[in-house]
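The values are calculated or read from the model by the stated rules, or taken from the named source; none is laboratory data. Computed from a prediction, not measured in an experiment: that's the story for all the values here. As a convention, Cβ positions derive from the backbone with ideal geometry for all residues, glycine included, and neighbour counts pool all protein chains shown. Keep in mind that these areas ignore ligands, DNA and RNA; they rest on the heavy atoms of the full protein, side chains included. Shrake-Rupley method; radii C 1.70, N 1.55, O 1.52, S 1.80 Å.
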Amino acid sequence: MYADTKRRQAARFFLLCLSIVAPAVAKAEKAVVIPLVSKASGVSDFVCDAGESVIGFKDNIPVCSPDTTSCKAAESDSRSIGSDLADYFAVPIHTTLGVTPIVIGSAGGAPESGGVSDMNFPPLSGDNTAEIDGDLYQIIIRVIDIGGLCPKKYQDMHPDWNDGIYTYNL
């Protein structure tokens, strides 16, 4: 029954689109092909803002949600860095962050600046970069969404996001 409801909603949406486009089609001199629009075929391009996609339908209207892939990738990067720091400090002779801020490039590995010589970090998602600041009592990890793909709508809903930078406090 659920699949039938979704099919009916998609059909109604198609008819709505057709009713909007039909007058222009009737006046056209050449044949116009109107594709059946669905989530799979790109309804997001027609009804959602940039960086959003259709996640379903409510009352026959597509429901848009921010495409949070890059946001989640930056958040995951920060947790990976936090995990690596925990592994680093599990060794008894490791007792300092070294020079801060520690700058981590998208390729990971040794810090580009700051830190200590034997620190090593995983590659980051896409072109993201990161900084580690603070001290042993409050470590602050900031991951910068270099591509700027994390939608502002998503960032506004999450207090750890600010202007393309995700902040993770350990």
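Selection of region 156-170 for residues being more than 17 Å from Ala130 (Cα to Cα) and touching a helix residue (DSSP H, G or I) at 6+ places or on another chain (Cβ under 9 Å) yields only His158. Condition check for Asp163 on (1) out of contact with any Asp or Glu (no Cβ under 6 Å at 6 or more places or on another chain); (2) in contact (Cβ under 8 Å) with a residue 12 or more places away in the chain: one failure, at (2). For region 68-100, enumerate the residues that are open to solvent by 60 Å² or more (accessible area, probe 1.4 Å) and touching a Ser or Thr at 6+ places or on another chain (Cβ under 8 Å). Passing the criteria: only Val99.
Tallying residues that are part of a strand (DSSP E or B) and either open to solvent by 60 Å² or more (accessible area, probe 1.4 Å) or not aromatic (Phe, Trp, Tyr) (or both) within region 138-170 yields 12. If you scan region 66-104, which residues turn out to be in contact with a Lys or Arg (Cβ under 9 Å, 6 or more places away or on another chain) and in a strand (DSSP E or B)? Of everything in region 66-104, those that are in contact with a Lys or Arg (Cβ under 9 Å, 6 or more places away or on another chain) and in a strand (DSSP E or B) turn out to be Pro66, Pro101. The residues in region 102-120 that are in contact with a Gly (Cβ under 8 Å, 6 or more places away or on another chain) and closer than 16 Å to Asp77 by Cβ can be counted, and the count is 6. If the condition is being over 18 Å from Tyr168 (Cα atoms) and open to solvent by less than 50 Å² (accessible area, probe 1.4 Å), then region 116-132 contributes Val116, Met119.
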